[in-house]
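*Asks:* Below is the structure I would like to discuss, written out as structure tokens.
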Amino acid sequence: MDKTEIFKKLTSGLDLIDAENKYQDSFVFRNTAKLVFSANALPEVKRDKAYYRRWQLIQFPNNFEGGTEDRLLITKLQEPNELSGFLNLAIAGLKRLYQKGEFTNSKSIEEIQKEYEFNSNPIAAFMDECTEPGNLDTDAMILYSTYVLWVKYYGKNKIAHPQWAKELKKLGYENYRENVPGSNCNKKITY
């Protein structure tokens, strides 16, 4: 997943891809399959509009743990009325696909990129959304507190402060202690 070049070749439908069956000769093919991935977290990738353009991100927000789930749901969904309803939805979707010639996506590439980056690296997404590049220092605890409010607003889990500081360093941010009398040795962050 983190090899964007291979992913783009697989999704283009035009590029030839080298492959081989185990213990057999290699061959070249053109991929025609639709790729489907399921993940708890998306891999971080370099910013590339062509990569993000190929994604249809689907959120599954419901969590079925804790004993409140309907254990007979599968049986209920297999009833003739339910199956008929699913078939009607599938036929309507297929008609739209034939008419448009492509899958419907109401999100722009920029929206998909923002959602992808938010899910693959929420700290980078926070810094992009809530800060401006510059050489001014920011108090680390104020910045982290703002980050905590930001993830709470979006319903995500926060990253503990030590890990958060390490992630900021990977993104190119510097942190240091200001040892000026009367400053309480506040930790500062600068880009």
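*Asks:* Can you confirm whether residue 17 is of a type in the set (A, V, I, L, M), part of a helix (DSSP H, G or I) and over 16 Å from residue 112 (Cβ atoms)? Before the answer, list the steps.
*Replies:* Numbers: of a type in the set (A, V, I, L, M): yes; part of a helix (DSSP H, G or I): no; over 16 Å from residue 112 (Cβ atoms): yes.
Answer is no for this residue.
*Asks:* Moving to a separate point now. What number of residues in the stretch 20-38 are small (Gly, Ala, Ser), farther than 19 Å from residue 102 by Cα and in a loop (DSSP other than H, G, I, E, B)?
*Replies:* If we filter the stretch 20-38 for residues that are small (Gly, Ala, Ser), which is where we start, we get 26, 33, 38.
Restricting the remaining residues to those that are farther than 19 Å from residue 102 by Cα gives 26, 38.
Keeping just the survivors that are in a loop (DSSP other than H, G, I, E, B) gives 38.
Qualifying residue count for the region: 1.
*Asks:* Could you pull out the residue among 173, 147 that is buried (at least 17 other Cβ atoms within 10 Å of the Cβ) and farther than 30 Å from residue 58 by Cβ? Before the answer, list the steps.
*Replies:* Working: 147 fails: farther than 30 Å from residue 58 by Cβ.
One residue alone meets the criteria, 173.
*Asks:* For a quick check of your reading: which helices (runs of 4 or more DSSP H) sit entirely within the stretch 74-164 and have at least 3 residues that are among the hydrophobic types (A, V, I, L, M, F, W, C) and in the same structural domain as residue 177 (by TED's automatic domain parsing)? Quick ask: steps written out before the conclusion?
*Replies:* Values: elements: 80-100, 109-120, 122-130, 140-154.
Once the helices (runs of 4 or more DSSP H) in the stretch 74-164 are filtered for at least 3 residues that are among the hydrophobic types (A, V, I, L, M, F, W, C) and in the same structural domain as residue 177 (by TED's automatic domain parsing), what remains is 122-130, 140-154.
*Asks:* Okay, next question. Condition first: surrounded by fewer than 10 Cβ atoms within 10 Å (Cβ to Cβ) and closer than 30 Å to residue 150 by Cα. Can you find one or more residues in the stretch 94-110 that meet it?
*Replies:* Yes - at least one qualifying residue is present in the stretch 94-110.
*Asks:* Among the residues of the stretch 20-55, what is the count of those that are under 30 Å from residue 125 (Cα atoms), without any contact (Cβ under 8 Å) to a residue 24 or more places away in the chain and either touching a strand residue (DSSP E or B) at 6+ places or on another chain (Cβ under 7 Å) or among the basic types (Lys, Arg) (or both)?
*Replies:* Result for the stretch 20-55: 1.
The values are calculated or read from the model by the stated rules, or taken from the named source; none is laboratory data. As the structure is a prediction and not an experimental result, all values here were calculated from the model. As a convention, Cβ positions derive from the backbone with ideal geometry for all residues, glycine included, and neighbour counts pool all protein chains shown.
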